[in-house]
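Working notes for the structure below.
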Amino acid sequence: MKHLFVVLFLTLTVGLFARNEIKSTDEVYRQKDILTVQATEDSKIEAPSGSSAPTKLVDKRPQAGSVKKRLKSISFGTTEWTLSNDVVVVFRPTEFKENEIAFEASSWGGYSKVSTSELPSAYLINDVMKRNGFDNVSYADIQKQLSGKSVNLEASMSELTENLKGRSSAQDFETLLQLIYLNFQKPYSKDEANFSSTIDKARTYAANRANNTQEIFADSVMMKWNMYDKRCIIFDEAMLKDVSYHKVLDIFNKRFSAANDFTFVFIGNIDPEDANIEKLICTWLGSLPKGRTEDASTQAFNHPKGAYTSRFGTKVGADVAVNTLRYYAPMEYSWANLVNMHIIEYIAKYRCMEKAKGATPLDVKSFIDKYPTETGVLSIQFNCNPKAREAIVRLIKEEVKRLIKEGASSEDFIKAKETMLDKYDADIQDNRYWASSLVRYYLYGKDYINDYRNWIDFITLESIRDTLDKLVVSENIFEVSMQKEK
């Protein structure tokens, strides 16, 4: 149960975070995998005990499509196909891992296309669909068929997108394609027992989090940050009462109904010049349903203007003050600002850790919201002794002002850039990083393979100070603190 998540902030973020990971709102602030228990990715799946395994995942091979357009990208080293059903497939052969094919696909839509009344059901989709079958094949039968194979695939939804992500060995590539195919068929409607089990776990989690200081604080910050918007829903027993199994299936079916609205990316031990690969792709992806393409519906969440301060008490937990401090302002979603904000995150953390010794743990994040309006945010969150809270907040604010006035030290600047470049050099040798980066390129038009690396070199001490000044000069400061009631 270590992968339990709840919404912290309802922002529509596409940013650069610590460790050079590319994360969007769904992956950081909008993650909805409430009850996920992940299997070891590289392990083979063992069949559940019971009846014998089905003969095959799909009863009848679908009528294959064809490739109608072929393109090559020199800068990415990729091959792109457009199939007869307008599905776009992107390949990049690599030798990073001897026997791995990483896969990712996304399309616009996500929770933004779900009505407010159906959001509770939508928010449990990621967990419910992990244990649900498709077409006429139950979840248990799928697991039996996958026994002994090195393959996994998970479907998910986020605020702005619906997604598929997985991997396989070269030998089990067709099985991966069959699983992708099944996700675009009507969900199996008789896995109610698994749904009930998921809800039972969710109720236990909801009861536990009601007594968890960090969860209480996260809920309060989410509501205050988004000014109690009606689409901000706290994960509790009341929410779970509004979750419907058949609504979950219906929402999923609608969001995964048009394969031509997705871009499918395959990275690793795969050769697009192989005739058998083309045959498999045309069979399992070329036969997928074609439908209407669409954009996400950006929800206009509002944040407080000017200086906002809120202090409140809780009856549970230890005698510790939990705090968050955010600077935010309108900011263009550009490479210069994205990389500047990323470096600011590193430097602000170095400086705050040095000056605010009593703030532990201290977490610093920077990002730029792309939707609904382009906004830069520097977020600093920490725990401390309640008696030291005011002094630590003052030290942090003073340190931010000092960064603007004096700029970052050359030592901190070089250290931050070296950390980012080291992480990039490691990431660029990873199939999953390539898959994620290419999907985001097709979604957002940002090249995280080539441009990101180049922009790190272009950033200067002066550009960092200018970007930080934009954040602070707006005088938008969001400050929330919670401690145990006496």
Next on the checklist: So the check is Cβ under 7 Å with 6+ separation or different chains; which pairs have a first residue in segment 416-430 that's among the acidic types (Asp, Glu) and a second one that's modelled with pLDDT under 95 and surrounded by 12 or more Cβ atoms within 10 Å (Cβ to Cβ)?
Outcome noted: ASP427/ASN20
Next on the checklist: Criterion first (assigned to a loop (DSSP other than H, G, I, E, B) and modelled with pLDDT of 95 or more) does ASP250 satisfy it?
Outcome noted: no
Checklist entry - Scanning for something aromatic (Phe, Trp, Tyr) and either farther than 20 Å from GLY445 by Cβ or not in a loop (DSSP other than H, G, I, E, B) (or both), does segment 67-80 turn up at least one residue? => result no
Item to check | Where a residue in segment 197-211 is in contact (Cβ under 8 Å) with a residue 12 or more places away in the chain and farther than 12 Å from ASP236 by Cα and its partner, wherever it lies, is part of a helix (DSSP H, G or I) and not aliphatic (A, V, I, L, M), with Cβ under 7 Å and at least six apart | outcome: THR198/ASP127; THR198/ARG131
Next on the checklist: On the basis of being of a type outside the set (Asp, Glu), out of contact with any Phe, Trp or Tyr (no Cβ under 6 Å at 6 or more places or on another chain) and outside any helix (DSSP H, G or I), does ALA426 make the cut?
Outcome noted: no
Checklist entry - Residues in segment 268-292 that are basic (Lys, Arg), closer than 25 Å to TRP108 by Cα and either in contact (Cβ under 8 Å) with a residue 40 or more places away in the chain or touching a Lys or Arg at 6+ places or on another chain (Cβ under 9 Å) (or both): how many? => result 1
Item to check | Scan of segment 448-471 for residues that are more than 18 Å from the chain's Cα centre (by Cα) and in a loop (DSSP other than H, G, I, E, B), ordered by number | outcome: ILE449, ASN450, ILE459, THR460
Checklist entry - Within segment 57-77, is there a residue that is touching a residue at least 40 places away in the same chain (Cβ under 8 Å) and under 24 Å from the mean Cα position of the chain (by Cα)? => result yes
Checklist entry - So, in segment 226-267, of the ones that are among the small types (Gly, Ala, Ser) and in contact (Cβ under 8 Å) with a residue 40 or more places away in the chain, which residue ends up farthest from ALA105 (Cα to Cα)? => result SER244
Item to check | Verdict on SER481 being more than 30 Å from SER169 (Cβ to Cβ), touching a strand residue (DSSP E or B) at 6+ places or on another chain (Cβ under 9 Å), modelled with pLDDT of 95 or more and not hydrophobic (A, V, I, L, M, F, W, C) | outcome: yes
Item to check | segment 467-486, residues that are surrounded by 18 or more Cβ atoms within 10 Å (Cβ to Cβ) and hydroxyl-bearing (Ser, Thr, Tyr) | outcome: THR467, SER481
Checklist entry - In segment 240-259, what count of residues is obtained for those that are of a type outside the set (Ser, Thr, Tyr) and either within 22 Å of the chain's Cα centre (by Cα) or buried (at least 19 other Cβ atoms within 10 Å of the Cβ) (or both)? => result 11
Checklist entry - Which one is farthest from the chain's Cα centre (by Cα), of the residues in segment 132-158 that are within 30 Å of GLN299 (Cα to Cα) and at pLDDT 95 or above? => result ASN132
Next on the checklist: Checking the structure you have, find out if any residue of segment 261-272 is closer than 23 Å to LYS186 by Cβ and assigned to a helix (DSSP H, G or I).
Outcome noted: yes
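Every residue, every condition in (1) among the aromatic types (Phe, Trp, Tyr); (2) out of contact with any Leu (no Cβ under 9 Å at 6 or more places or on another chain); (3) surrounded by fewer than 19 Cβ atoms within 10 Å (Cβ to Cβ), yes or no:
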| position | (1), (2), (3) |
| --- | --- |
| VAL114 | no, yes, no |
| LEU124 | no, no, no |
| ASN132 | no, no, no |
| ASP135 | no, no, yes |
| LEU153 | no, no, no |
| PHE184 | yes, no, no |
| SER197 | no, yes, yes |
Next on the checklist: Could you tell me how many of the residues in segment 227-247 are in a helix (DSSP H, G or I), out of contact with any Leu (no Cβ under 9 Å at 6 or more places or on another chain) and of a type in the set (A, V, I, L, M, F, W, C)?
Outcome noted: 1
Checklist entry - Looking at GLU215, is it assigned to a loop (DSSP other than H, G, I, E, B), touching a helix residue (DSSP H, G or I) at 6+ places or on another chain (Cβ under 6 Å) and more than 16 Å from PHE264 (Cβ to Cβ)? => result no
Checklist entry - In segment 56-88, which residues are under 11 Å from ILE267 (Cα atoms) and either touching a helix residue (DSSP H, G or I) at 6+ places or on another chain (Cβ under 8 Å) or acidic (Asp, Glu) (or both)? => result THR78
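The values are calculated or read from the model by the stated rules, or taken from the named source; none is laboratory data. Because the structure is predicted, anything quoted here is derived from the model rather than measured. Positions of Cβ are generated from backbone atoms using ideal geometry, with glycine treated the same way; all protein chains shown enter the neighbour counts.
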